[in-house]
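Have a look at the structure below before the remarks.
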Amino acid sequence: MYQQIFLRNVLRLLDEKQMTRQALAHKAGMSISFLSDLTHGKANPSLKIMAAIASALEVPLPQLLEVTQGSPTVQEEAGSYGAGQRLPAGMSRVAAVLTDYQAFNVRQWDEANRKRIAKGKARGL
């Protein structure tokens, strides 16, 4: 389970930072083929590897293992606006610590924005 969370967060950050897998592999001190195996679920990262990737992405390691309630899976996210796809102009992806009430509101906004993005894709925008 932690591998899927880790993978989702790494792919999301690569997209947000507009960094290639090759650049990440170089900064993390590993081969592109090994990183490719990691991102395709063919290899299991050690703690040392996860720390190197976190350092290369300039984020704390716990952030790469963080999951929020209701977070989409890797497959759901890749099918909507996740890994490998950019958010539409004017939208941002953020992580935050919120009260239950604030989180409820944010989930409502997220759902509305996902629907808006899906409609835009259906219209070819």
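The values are calculated or read from the model by the stated rules, or taken from the named source; none is laboratory data. These numbers were taken from a predicted model, which means no experiment stands behind them. Here Cβ is always computed from backbone atoms with ideal geometry, including for glycine, and neighbour counts include all displayed protein chains.
Can residue 84 be described as at pLDDT 65 or above, at positive phi and either over 13 Å from the mean Cα position of the chain (by Cα) or surrounded by 10 or more Cβ atoms within 10 Å (Cβ to Cβ) (or both)? Walk me through how you get there before you give the answer.
Values: at pLDDT 65 or above: no; at positive phi: yes; either over 13 Å from the mean Cα position of the chain (by Cα) or surrounded by 10 or more Cβ atoms within 10 Å (Cβ to Cβ) (or both): yes.
Judged against the criteria, residue 84 is not a match.
So for the stretch 62-78 (the condition being modelled with pLDDT of 85 or more, surrounded by 15 or more Cβ atoms within 10 Å (Cβ to Cβ), under 18 Å from residue 4 (Cβ atoms) and not hydrophobic (A, V, I, L, M, F, W, C)), does at least one residue qualify?
No: the stretch 62-78 contains no residue that is modelled with pLDDT of 85 or more, surrounded by 15 or more Cβ atoms within 10 Å (Cβ to Cβ), under 18 Å from residue 4 (Cβ atoms) and not hydrophobic (A, V, I, L, M, F, W, C).
Which residue pairs have Cβ atoms under 8 Å apart, sit 6 or more places apart or on different chains, and have a first residue in the stretch 19-36 that is free of Cβ contacts under 8 Å to residues at least 60 places away in the same chain and a second that is among the aromatic types (Phe, Trp, Tyr)?
25/34
How about the stretch 1-60: which of its residues are among the acidic types (Asp, Glu), part of a helix (DSSP H, G or I) and either in contact with a strand residue (DSSP E or B) (Cβ under 8 Å, 6 or more places away or on another chain) or closer than 20 Å to residue 92 by Cα (or both)?
Correct list: 15, 16.
Please work out which one of (1) within 14 Å of the chain's Cα centre (by Cα); (2) surrounded by 12 or more Cβ atoms within 10 Å (Cβ to Cβ); (3) at pLDDT below 90 is the condition residue 43 fails and give its number.
(1)
Restricting to the stretch 88-108, count the residues that are surrounded by 10 or more Cβ atoms within 10 Å (Cβ to Cβ) and outside any loop (DSSP other than H, G, I, E, B).
7
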